[in-house]
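The values are calculated or read from the model by the stated rules, or taken from the named source; none is laboratory data. Note that the structure is a prediction, hence the values are computed from the model and not measured. Backbone-built Cβ (ideal geometry, glycine too); neighbour counts: all protein chains shown. In case anyone asks, the SASA skips ligands and DNA or RNA and just uses the protein heavy atoms, side chains included. Shrake-Rupley method; radii C 1.70, N 1.55, O 1.52, S 1.80 Å.
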Amino acid sequence: MTCTVLLTGGAGFVGRQVLRALSAEGASIRAVLREGSSADIAAGDVEIVRTADLFAADTPWWKQVCVGIDTVVHVAWYAEPGRYLTSARNLDCLAGTLKLAQGAAAAGVRRFVGIGTCFEYDLTGGTLSVDTPLKPLTPYAAAKAGAFLTLSQWLPLQQVEFCWCRLFYLYGEGEDARRLVPYLRARLGAGEPAELTSGEQVRDFLDVREAGRMIAAHALGEDTGAVNVCSGIPVTVRELALRIADEYGRRDLLRFGARPTNLVDPPYVLGVRASSAGNRFNTN
């Protein structure tokens, strides 16, 4: 039987990859998009539902939209680089997420998959598993953790399966130009110097296409609770920058140390990757 999925954020950086992966698996998709969005998400069997602001939609609206839906995959969240970590809009996203969950439960949805962040964890541990204690330090991380803690307790009481996919450091297609990898490509491609910190920070980098496949696998699978969407491979920012520079033959343009190190930036962030859903799709 074809799974019918309601997807939010399907035109975004992560959501479009989730949509592609779900479509490739034959899922029937109802995508909730903001009015005026011109993003092309045509792929497979996709029904479009428009709303002025999905985070302002009330519970009855969501109940109606979720009628006939088996699984909700809620990717949408405010994520503007340089602003999202401390923005008050995180409160709107949290409140809107809870209303979506209430509407979904009222409509008889079987499964709800939400998107979290590695920043929910206590990052001083370095290597982060789903058993790592939570210690969010920003409004963004706190709102995500709040959604997780609330829904992980409430949805099972409504007979709704709940899975929470915590994202690590994603890069790739559709990435905002203000982020690290697009910045490096733009500068190196133009033959201009790229100013960086020392680059000694260790990160868990993952291509967003792989992240989309992993989230789709969890959506169509049976895992419940928190899961890490990560590579499980430690890479320094310096190593990543050198790999990209080698594509252009321009290591000479990398200016390590030109920017001061952010003293609140964690030195080591590595996820522990579960294997249960990761093998569903061929990722070669």
Requested in this report: Filter the range 34-55 down to the residues that are in a strand (DSSP E or B) and farther than 18 Å from Ile215 by Cβ, then identify the one that is modelled with the lowest pLDDT.
Outcome: Arg34
Query raised in the report: Using beta carbons and a limit of 9 Å, which pairs, at least six apart or on different chains, have the first residue in the range 75-104 and farther than 29 Å from Tyr183 by Cα and the second one of a type in the set (Lys, Arg) and in a helix (DSSP H, G or I)?
Result: Leu94/Lys144; Gln102/Lys63; Gly103/Lys63; Ala104/Lys63
Query raised in the report: Among the residues of the range 113-120, is there at least one that is among the aliphatic types (A, V, I, L, M), more than 22 Å from Leu22 (Cβ to Cβ) and touching a residue at least 60 places away in the same chain (Cβ under 8 Å)?
Result: no
Requested in this report: Looking only at the range 210-230, decide whether some residue is more than 30 Å from Leu134 (Cα to Cα), open to solvent by less than 30 Å² (accessible area, probe 1.4 Å) and of a type in the set (Val, Ile, Thr).
Outcome: no
Query raised in the report: over 16 Å from the mean Cα position of the chain (by Cα), modelled with pLDDT of 95 or more and in a strand (DSSP E or B) - does that describe any residue in the range 85-103?
Result: no
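Residue by residue, here is whether (1) among the charged types (D, E, K, R); (2) over 22 Å from Gly12 (Cβ atoms); (3) in contact with a helix residue (DSSP H, G or I) (Cβ under 8 Å, 6 or more places away or on another chain) holds:
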| residue | (1), (2), (3) |
| --- | --- |
| Ala145 | no, no, yes |
| Thr150 | no, yes, yes |
| Val160 | no, yes, yes |
| Cys163 | no, no, yes |
| Phe168 | no, no, yes |
| Gly172 | no, no, yes |
| Arg178 | yes, no, no |
| Gly191 | no, yes, yes |
Report task. Sort through Thr86, Thr4 and tell me the only one that's surrounded by fewer than 23 Cβ atoms within 10 Å (Cβ to Cβ) and in contact with a strand residue (DSSP E or B) (Cβ under 6 Å, 6 or more places away or on another chain). Result -> Thr4
Report task. State all residues of the range 13-33 that are assigned to a loop (DSSP other than H, G, I, E, B) and buried (at least 21 other Cβ atoms within 10 Å of the Cβ); if no residue qualifies, say none. Result -> Val14, Ala27
Query - Residue pairs meeting the criteria (Cβ under 7 Å; at least 6 apart or on separate chains; first farther than 18 Å from Arg16 by Cα and modelled with pLDDT of 95 or more, in the range 166-195; second of a type in the set (A, V, I, L, M) and part of a loop (DSSP other than H, G, I, E, B)) - result: Ala186/Ala177; Glu195/Ala258
Query raised in the report: Which pairs do you get when a residue that is within 24 Å of Leu220 (Cβ to Cβ), found in the range 49-71, comes within reach of a residue that is at pLDDT 95 or above and of a type in the set (Ser, Thr, Tyr), reach meaning Cβ atoms under 8 angstrom, with the pair 6+ apart or on two chains?
Result: Leu54/Thr8; Gly68/Thr4; Ile69/Thr4; Asp70/Thr4; Thr71/Thr4
**Report entry** Complete set of residues in the range 231-263 that are free of Cβ contacts under 8 Å to residues at least 40 places away in the same chain and either of a type in the set (A, V, I, L, M) or open to solvent by less than 20 Å² (accessible area, probe 1.4 Å) (or both)
**Finding:** Ile233, Val235, Leu242, Leu263
Report summary line: Checked the range 169-196 for anything open to solvent by less than 30 Å² (accessible area, probe 1.4 Å), outside any strand (DSSP E or B) and closer than 14 Å to Arg255 by Cα; matches are Leu184, Leu188, Leu196
Query raised in the report: Say we look at the range 117-151 and pick out the residues that are polar (S, T, N, Q) and open to solvent by less than 50 Å² (accessible area, probe 1.4 Å); which of these is farthest from the chain's Cα centre (by Cα)?
Result: Thr132
